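Participant: Questions regarding the structure given below will be posed in turn.
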Amino acid sequence: MEEDLFQLKQLPVVKFRRTGESSRSDEDGISGEHEVQIEGVRTELEPVELGDGAAVPKEFANPTDDTFMVEDAVEAIGFGKFQWKLSVITGLAWANAMEMMILSILAPQLHCEWRLPSWQVALLTSVVFVGMMSSSTLWGNISDQYGRKTGLKISVLWTLYYGILSGFAPIYSWILVLRGLVGFGIGGVPQSVTLYAEFLPMKARAKCILLIEVFWALGTVFEVLLAVVVMPTLGWRWLLILSALPLLLFAGLCFWLPESARYDVLSGNQEKALATLKRIATENGAPMPLGKLVISRQEDRGKMRDLFTPHFRWTTLLLWFIWFSNAFSYYGLVLLTTELFQAGDVCSISSRRQEVKAKCSLTCEYLTEEDYTDLLWTTLSEFPGVLVTLWIIDRIGRKKTMALSFLVFSFCSLLLFLCVGRNVLTVLLFIARAFISGGFQAAYVYTPEVYPTATRALGLGTCSGMARVGALITPFIAQVMLESSVYLTLVVYSGCCLLAALASCFLPIETKGRGLQESSHKEWGQEMVGRGSHSP
C-alpha cells in the first residue's frame, strides 16, 4: 500500500485552463479551472494553457470530461455504413452535371433546328447560369435558416420539375424561361456538399468530398452517351426529359436523409441531434462518446455580414474570385470543345468562320458521330482529374492544389495557339479539363472547411453564386468572341486562371488537418489540429 502511494505521489497532476467557452454547470466553478486532488498526494498543479488552434493531447481529449460536442461524436463514430449510403444519395443529386453538360449538346442542335443567331445560342446557355447565380445565395440562406436537408430537397424537386417541362417547350422564348428556372433550382444542389461534409470525420473529409465528385463525372459521361443514342432517333426533347432521371431517383430516396446534427445543435435542437448521432453510431456499429452533448451558443445563422468579419473578409473575397475563375474556365472549355472539334484545329477556325459568314450568318453544322466521340474522350478526363486531386490534396494542401490546377490549365490553353492536329488538340483539351475540374473539386473541399457551421451553407452558396457569374459570361467569350478572334479568347481564359492561381496562394487559411468549426466564436474542442495524430 505504501509503495502504491509513493508511486502516486510521483505522478504529475495536470490542470487544464479552458481558454474558450464551455457549457459546464455553475458547480464546476466560475473560473473554468478543474483540479483533481488525492488525499496525501502532492497538490501543486501544473497549469497548461490551450491557446487558439492548439492541439489537444490525445489522452485528455474527452475521456475525463462529462460533455462532448458534435465534432467529438463524428470523430469517435468514424466512417462507416452510414457514410457510404450518404455518399450514394448525395452523389445522385450531384449528377445534375447532366443538366449542365446538355448545354454544349443542345446549343448546336437548336442553332440548326430553329435557325438561331449566335447571340441567341449564347443566351440559351447564359440564362441557366443567370438562374443559378440569382438563387445560390438564397438556397444557402434557406439551408442555414431551415436546415440543409430542407434546402436540398426543395432545390432538387424544383430542378426535376422544370427540367422535364423544358422538353415540351414549343418555341425559343419558352425554352429560354424554362431553362432559366432549371438553373434557379440547380443553384441549390451544391448544398449537398454542405450536408455531406458535416457528417464526415476529419481524416476522410477531403477524400470523400472528392469521391462524390465522381458522380459529377459520371453524369457528364452518361449525358454524352445518352445523346449518342437519343439525338439521332428521339431528338433533343427526349434528351432533356431523360436527363432528369438521376434527380428523380434522388427524390425517391431523399426521405432517408437525416438533418445535419451540427445544424440541429446550433439551432438548439439537442434531442434531434443526439438521435441522429445515435442512428449513425448504430448503423456504423460504433460506440457513442460518453457524457452529455453540449449545445453550442445559438447564433444568428445565414447572415451575410458574418462572411466579412475581419477573420473571414479576405478569405471570402479571394474565394469569390477563385470560384468565378473556376466556372468561367471550366464551362468555357466545355463550350470551346465543340467549337474546336467542328473546326478541326485552332488555326482553321478564323478561315472557317469567314467562309460561313460569306454564305449565310445562320449556316450551321450538326454534331457528327466523330464530334460525339471526341466529346466523350474529353469528358472522361474528369476521372483522372479526380484521381490527381485525390492524390495531392492531403499532401500539398488545399491552397496549393487549386493553384497547381489553374497553372496547368493556363499552360494548356497557351499551347492551343499552336497549329496542332485533331489528336493533339484532343490530348490538350483532355489535360486542361482534368486539371480545371480538379481545381473545382478542391474548391468544394476547401470552402465548407473554412467557414463555421453558422455560415457554412451561406458561404458555399455565395461562392457558388460567384461561380455562376463566371459561367454566365463565358458563353459570350467561348461562342461570340471566338468568331472575332480565337487567340484573344484563349488569352482571356489563360490570364484569368493565372490570376486565380495567385489568389489561391494568398488565401490566409489552410484547412488541411483542421476540424470543422462549429461557431463563429472559438469554443473548447473546436478547430483541433489532428486530435488523434499528435503525441502528448
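The values are calculated or read from the model by the stated rules, or taken from the named source; none is laboratory data. Keep in mind the model is a prediction, meaning the values are calculated, not measured. Cβ coordinates were reconstructed from backbone atoms using ideal geometry, including for glycine residues, and neighbour counts include every protein chain displayed. With ligands, DNA and RNA removed, areas are computed over all heavy atoms of the protein, side chains included. Shrake-Rupley method; radii C 1.70, N 1.55, O 1.52, S 1.80 Å.
Participant: So, of the residues in region 382-425 that are of a type in the set (F, W, Y) and in a helix (DSSP H, G or I), which turns out to be nearest to F440 (Cα to Cα)? Spell out how you get there, then give the answer.
Facilitator: Narrowing region 382-425 to residues of a type in the set (F, W, Y): 383, 391, 406, 409, 411, 417.
Pick out the ones that are also in a helix (DSSP H, G or I) and you get 383, 391, 406, 409, 411.
Working: F383: 13, W391: 15, F406: 10, F409: 12, F411: 17 Å.
Once the filter is applied, the top-ranked residue is F406.
Participant: Kindly evaluate A457 against the criterion of being farther than 18 Å from F417 by Cβ, assigned to a helix (DSSP H, G or I) and touching an Asp or Glu at 6+ places or on another chain (Cβ under 9 Å).
Facilitator: yes
Participant: Here's a follow-up. Could you check, for region 183-196, whether at least one of its residues is in the same structural domain as W94 (by the TED database) and free of Cβ contacts under 8 Å to residues at least 12 places away in the same chain?
Facilitator: no
Participant: Return yes or no: is V480 assigned to a helix (DSSP H, G or I), surrounded by fewer than 19 Cβ atoms within 10 Å (Cβ to Cβ) and modelled with pLDDT under 80?
Facilitator: yes
Participant: Here's another thing I want to ask about it. Can you confirm whether F430 is closer than 23 Å to F199 by Cα, open to solvent by 10 Å² or more (accessible area, probe 1.4 Å) and either in contact (Cβ under 8 Å) with a residue 12 or more places away in the chain or in a helix (DSSP H, G or I) (or both)? Please lay out each step first, then the result.
Facilitator: On the way: closer than 23 Å to F199 by Cα: no; open to solvent by 10 Å² or more (accessible area, probe 1.4 Å): yes; either in contact (Cβ under 8 Å) with a residue 12 or more places away in the chain or in a helix (DSSP H, G or I) (or both): yes.
Here the answer is no, as F430 does not meet what is asked.
Participant: Moving on. Output the number of the condition that K399 fails; it satisfies all remaining conditions of (1) under 19 Å from the mean Cα position of the chain (by Cα); (2) open to solvent by less than 10 Å² (accessible area, probe 1.4 Å).
Facilitator: For K399, the exception is condition (2).
Participant: Out of V445, V424, which single residue is crowded, with 23+ Cβ neighbours inside 10 Å and of a type outside the set (F, W, Y)?
Facilitator: V445
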